[in-house]
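Note sheet for the following structure.
The values are calculated or read from the model by the stated rules, or taken from the named source; none is laboratory data. In this text, all values refer to a predicted model and were calculated from it rather than measured experimentally. For neighbour counting, all protein chains shown are included, and Cβ atoms are generated from backbone atoms with ideal geometry for every residue, glycine included.
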Amino acid sequence: MKFIDEVTITVISGNGGEGCSGMRREKHVPLGGPDGGDGGNGGDVYVEATDKLNTLVKFRGRKVYRAKNGENGSGQQCHGKYGDDLVIEVPVGTIVRKTETQEVVADLTEIGQRIMIAEGGRGGLGNANFKTSTNQAPRKVTAAKPGEQFEVDLELKLLADIALIGMPNAGKSTLISVISAAKPKIADYPFTTLEPNLGVVAYEDSSYVVADIPGLIEDAAEGKGLGIKFLKHIERTKAFVHLVDVSWCLDEFEAFDQYVTVRAELEKYSDKLMTKPEIICLTKIDAMTEEEITKIQKFFEEALDKRVLPLSSVSGRNVDIVKALMLQSLGRGN
Ligand SMILES: Nc1nc2c(ncn2[C@@H]2O[C@H](COP(=O)(O)OP(=O)(O)OP(=O)(O)O)[C@@H](O)[C@H]2O)c(=O)[nH]1
Ligand SMILES: [Mg+2]
């Protein structure tokens, strides 16, 4: 069971630039004196909480995050440029720990909160700093400090955006296993899933969290089956995908009856559940003829006056469309 999104990345702050050891050389000025400028400081690495992300999926690709090095100082007391800082955007709710010690270095709870996790190395001082009354021509510079490099673990507790609902055996766990990295138990008997499974779905440039919950049966709202506990989970999600296994049904009435049973339980539990966006999928259509599929689909669409999607997690038919519709139901798709 996975309720937590975790990823490890490497952060590297910038090295400080070297201080310069230089002497002023001008025509007609025999002893020009020291004029070496300081090296610039290396860039710092920050993490910043944003509401534009809700998972850590984007960190699965890129693992190394590096701020820029400071530039070296030069003659004529020119100071090196400071290295640019690096700001890593992470979802609100992310906790950052140093991998080695597990020390928490940032716990980001508010949008815009920004915390430095790796400090850039200081630039070295140029020799212009060391001129004294007794030493008019020092060669001395201080060494530039290197940046820091270490691994951090990012951890985000996931809250599901969308719940997969339906009767036991409808194919909920199978669907989450094909759209995310979740590996729930799947079996040909009811109540295989005893606790919700969460999966992160990456679709186009977005991602969202889907919960596969235990099957709902008649009187679930009164605690039957696995009961009320999981309706609470559903309450916090923004939308549902309602899976109806129509592959074994003798006719469209039997198929529709399953849908109505589950909706009735949602309604008994709370009116609020009824107003959430719902994507309806007729599952396991790989085991049906086109004729059977169309007949049941038409019946649902006419009864409900909305689009109903035939789906097969096994053949993959319409799986991408469901992913796109889920994103849309969150107000984030096209
Ligand atoms: N032919 C076919 N079988 C499927 C499909 N999706 C799921 N199944 C099968 O249906 C059975 C139930 O699938 P699950 O994914 O465990 O169903 P569930 O809705 O999670 O069931 P519970 O956890 O008991 O509520 C398994 O034997 C799956 O292999 C599909 O698209 N086509
Ligand atoms: Mg299941």
Which numbered condition Asp245 fails, given (1) acidic (Asp, Glu); (2) surrounded by 19 or more Cβ atoms within 10 Å (Cβ to Cβ); (3) over 35 Å from the mean Cα position of the chain (by Cα): (3)
Qualifying residue in the range 132-139 (condition: among the polar types (S, T, N, Q), in contact (Cβ under 8 Å) with a residue 12 or more places away in the chain and more than 16 Å from ligand 1 (Cβ to nearest atom)): yes
Scope the range 269-302; condition farther than 14 Å from Ala255 by Cβ and surrounded by 14 or more Cβ atoms within 10 Å (Cβ to Cβ); matching residues: Tyr269, Ser270, Leu273, Lys276, Pro277, Glu278, Ile279, Asp286
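Out of the residues in the range 192-203 that are surrounded by fewer than 20 Cβ atoms within 10 Å (Cβ to Cβ) and at pLDDT 90 or above, which is nearest to ligand 2 (Cβ to nearest atom)?
If we take residues in the range 192-203 being surrounded by fewer than 20 Cβ atoms within 10 Å (Cβ to Cβ) and at pLDDT 90 or above, then Thr192 is nearest to ligand 2 (Cβ to nearest atom).
Conditions (1) touching a residue at least 24 places away in the same chain (Cβ under 8 Å); (2) in contact with a Ser or Thr (Cβ under 8 Å, 6 or more places away or on another chain); (3) not hydroxyl-bearing (Ser, Thr, Tyr), marked per residue:
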residue	(1), (2), (3)
Leu156	yes, yes, yes
Gly171	yes, yes, yes
Ile176	yes, no, yes
Asp188	no, no, yes
Thr192	yes, yes, no
Val200	yes, yes, yes
Ala211	yes, yes, yes
Gly225	yes, no, yes
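Please enumerate the residues belonging to the range 176-224 that are among the basic types (Lys, Arg) and under 19 Å from Val57 (Cβ atoms).
Lys183
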Top-ranked residue in the range 193-246 [being in contact with a strand residue (DSSP E or B) (Cβ under 7 Å, 6 or more places away or on another chain) and among the polar types (S, T, N, Q); ranked as nearest to Asp51 (Cα to Cα)]: Ser207
Search result, residues across the range 183-228 that are among the small types (Gly, Ala, Ser) and more than 21 Å from the chain's Cα centre (by Cα): Ala187, Gly215, Ala220, Ala221, Gly223, Gly225, Gly227
Selection within the range 144-185 - within 16 Å of ligand 2 (Cβ to nearest atom), outside any loop (DSSP other than H, G, I, E, B) and of a type in the set (S, T, N, Q): Ser173, Thr174, Ser177
Scan of the range 194-218 for residues that are assigned to a loop (DSSP other than H, G, I, E, B) and within 16 Å of ligand 1 (Cβ to nearest atom), ordered by number: Leu194, Glu195, Pro196, Ile213, Pro214, Gly215, Leu216, Ile217, Glu218
Complete set of residues in the range 296-316 that are within 16 Å of ligand 1 (Cβ to nearest atom), part of a helix (DSSP H, G or I) and of a type in the set (A, V, I, L, M, F, W, C): Ile296
Residues of the range 204-224 satisfying the condition of being within 16 Å of ligand 2 (Cβ to nearest atom) and farther than 27 Å from Lys157 by Cβ: Ile217
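Is it fair to say Val64 is within 28 Å of Glu151 (Cβ to Cβ), of a type in the set (Val, Ile, Thr) and buried (at least 18 other Cβ atoms within 10 Å of the Cβ)?
No, not satisfied.
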Qualifying residue in the range 36-46 (condition: among the hydroxyl-bearing types (Ser, Thr, Tyr), in contact with a strand residue (DSSP E or B) (Cβ under 9 Å, 6 or more places away or on another chain) and part of a strand (DSSP E or B)): yes
